[in-house]
1. Looking only at segment 220-251, which residues are assigned to a loop (DSSP other than H, G, I, E, B), more than 19 Å from ILE332 (Cα to Cα) and either modelled with pLDDT of 90 or more or of a type outside the set (Asp, Glu) (or both)?
2. Could you check segment 508-530 and list, in sequence order, the residues that are in contact (Cβ under 8 Å) with a residue 24 or more places away in the chain and not aliphatic (A, V, I, L, M)?
3. Only one of LEU297, LEU212, LEU254 is at negative phi, buried (at least 18 other Cβ atoms within 10 Å of the Cβ), assigned to a strand (DSSP E or B) and not polar (S, T, N, Q). Can you tell me which?
4. So, of the residues in segment 481-539 that are basic (Lys, Arg) and part of a loop (DSSP other than H, G, I, E, B), which turns out to be farthest from THR388 (Cα to Cα)?
5. What is the number of the single condition among (1) in a helix (DSSP H, G or I); (2) under 24 Å from ASP400 (Cα atoms); (3) of a type in the set (Lys, Arg) that LYS455 does not meet?
6. Suppose we filter LYS319, LYS368 for residues that are in a helix (DSSP H, G or I) and either within 16 Å of LYS222 (Cα to Cα) or assigned by TED's automatic domain parsing to the domain that holds ALA228 (or both); which single one remains?
7. Identify the residue in segment 103-139 that is over 30 Å from ALA207 (Cβ atoms) and small (Gly, Ala, Ser) and, among all such residues, is surrounded by the fewest Cβ atoms within 10 Å (Cβ to Cβ).
8. Restricting segment 322-341 to residues that are in contact with a Leu (Cβ under 9 Å, 6 or more places away or on another chain) and not in a loop (DSSP other than H, G, I, E, B), which is modelled with the lowest pLDDT?
Amino acid sequence: MLYLDVPYPDKDLAKQQGAGWDPLKRKWYLPDPDQVDLSLFSQWLDSSNQSDLSGQNAIVDSQTASLDLSFDSVTLSSEEETEANSVSLSQLLNQVQTKLKGAFPKALWVRAEIANINERRGHIYLELSENNDQGQTLASCRAMIWASNASRLLSRFEQVTGSALQDGQKVLIQVGINFHEKFGFSLVVEDLDPKFTLGEIEANLIAIRKELIKQGIYQSNKQIPFPADLFRIAVISPPNAAGLGDFRAEADALEYYNLCEFVYFHSSFQGEAAVSEMLSALDAFSGIHQKNPFDALVIIRGGGAKLDLNPLNQLELAKAITTQPLPVLTGIGHERDNTILDEVACLRFDTPSKVVAGIWHRIENSAKQATQNWQQIERLSQQQLQTTQAQLQQLKQQIDYSQNRNLTHWKTQLEPLYTQIKHTSQQWVSSERASLDYQLRHIISQAQQPISRSKQQIESNQQLIEQNAKRAISFFRQQLKQTMGFILSSGPQSQLKRGFAMAKTQQGAPISSAAQAQSLSQFRVEFQDGSVQVQPLKS
């Protein structure tokens, strides 16, 4: 423990730099003086410590003229020089400190990567490094942000970048050179440029974008036609993400109504394991997709800091997304956030809620289109039915007209025939009668005897002739009636009135055989007073 003489106006500064207050002695103190840079507290050291420090400075000053210290080389005395000409380690390091302060009097802007960061008593301690493209460390050193500046610098950095200062970030910092005899070389951070960190992210995005364009796959997933219907969707997200809960609130309703199935895969979206876990989730998805295909792949995360999304900006992940065989939908961040995965995906949404809303909209549009198609089918069917009914009515009218015309035609044909038959019969009767009269006169004139017998014979012959004539007239009259009846009964309506029926197809064509009727699923049987739909029994 090391006590300090801190004036009252300086108490807040001493506290910020790590000093503690002893209420019994009513003095400020350093609990672990070996773990802090004492040069920060030199103005408050008590008299004994000040005398030790001044004594050390006097020794160092006395040696300055004889000691030539440079950063390129240190010239040591020869082996013959006595111990009196040597210096202590603290004196040497004090000279190094003096030279460094002289060489770097002002703060410098330095580019580096944060390898480690931690906080103690309000101070921020950093491990800075510089690595080459192969991941080999080229340089490293310690740096610190004193509590007096930490709140201001960290708040501004987080406000601009959307993320707290953390491991793995590349930073541009303004530092002062600090060298302590006991704690060695370190940098004191005086300022941070958060725009540099964002610029590094954008530069990485540009490099990935150029490589994808060079390989000809940058637009590959965007060129995949989006399916008209969505029945089965794969979802990759962090297991406990708030965005996943928002997504499932709507997706579960779709599953409840059997409109769409969702299969979930989990992966972290930040940290060192983000890339490997995401690739593992994509491999698991691909294995299931080959056996039971999906219609789309959804990648969601929800809101978060902009720098938290940086682990997703990897070429390997971008290639895995852009080469997927089905459309990829992303809802990884808010509207202001963007990753390379959003760029190469088929469709990008601002949030997981908007992704599932888009899926809802797609399914709803498909349902509306299906309803419209069904209504159109019904409308066209009704139109076709009306057209068919009109055609059937027209055919019926044509049949009725043909029947009436045929009946009139045959009546016209039969009337002359009837008149001719009647005239012929009358001529035949007249001719026979004249022949009989002639014979009668001839007989009377030729045979005077025996008159009675002859008369009787004549009367008998006359009766026979009359009977034959009547029989002939009756025969021809009956034949004429039969001919007229046959002609009149040849029309369909007459056949129907006689008790017959006609079998016709649904299109109105006559059915002429039982085999033809058996081959139909349904046909009509027409009677005198209407028609009946029948279905044949299959043998």
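1. Start the filter on segment 220-251 by keeping residues that are assigned to a loop (DSSP other than H, G, I, E, B), which leaves 220, 224-231, 238-241.
Checking which are more than 19 Å from ILE332 (Cα to Cα) leaves us with 220, 224-231.
Matches in segment 220-251: SER220, ILE224, PRO225, PHE226, PRO227, ALA228, LEU230, PHE231.
2. Filtering segment 508-530 down to residues in contact (Cβ under 8 Å) with a residue 24 or more places away in the chain leaves 508, 525-528.
Selection gives GLY508, GLU526, PHE527, GLN528.
3. Numbers: LEU212 fails: assigned to a strand (DSSP E or B); LEU254 fails: assigned to a strand (DSSP E or B).
Result: LEU297 is the single residue among LEU297, LEU212, LEU254 that is at negative phi, buried (at least 18 other Cβ atoms within 10 Å of the Cβ), assigned to a strand (DSSP E or B) and not polar (S, T, N, Q).
4. Keep residues of segment 481-539 that are basic (Lys, Arg), which gives 481, 497-498, 504, 524, 538.
Checking which are part of a loop (DSSP other than H, G, I, E, B) leaves us with 498, 538.
Details: ARG498: 30, LYS538: 28 Å.
Selected residue: ARG498.
5. Going through the list (1) in a helix (DSSP H, G or I); (2) under 24 Å from ASP400 (Cα atoms); (3) of a type in the set (Lys, Arg), LYS455 breaks only (2).
6. When all the criteria are applied, what remains is LYS319.
7. Our first condition is that a residue be over 30 Å from ALA207 (Cβ atoms); within segment 103-139, this holds for 103-107, 118-125.
Applying the additional criterion that residues be small (Gly, Ala, Ser) yields 103, 107, 122.
Details: ALA103: 9, ALA107: 16, GLY122: 15.
For segment 103-139, the residue satisfying everything is ALA103.
8. As a first pass, look at segment 322-341 and keep what is in contact with a Leu (Cβ under 9 Å, 6 or more places away or on another chain): 322, 324, 326-330, 332-333, 337-341.
Next, only the ones that are not in a loop (DSSP other than H, G, I, E, B) stay: 322, 328-330, 340-341.
Working: THR322: 92, VAL328: 94, LEU329: 92, THR330: 90, ILE340: 82, LEU341: 87.
Among them, the one singled out is ILE340.
The values are calculated or read from the model by the stated rules, or taken from the named source; none is laboratory data. Computed from a prediction, not measured in an experiment: that's the story for all the values here. Quick reminder, even Gly has a Cβ in these numbers, built from the backbone with ideal geometry, and neighbours come from all protein chains shown.
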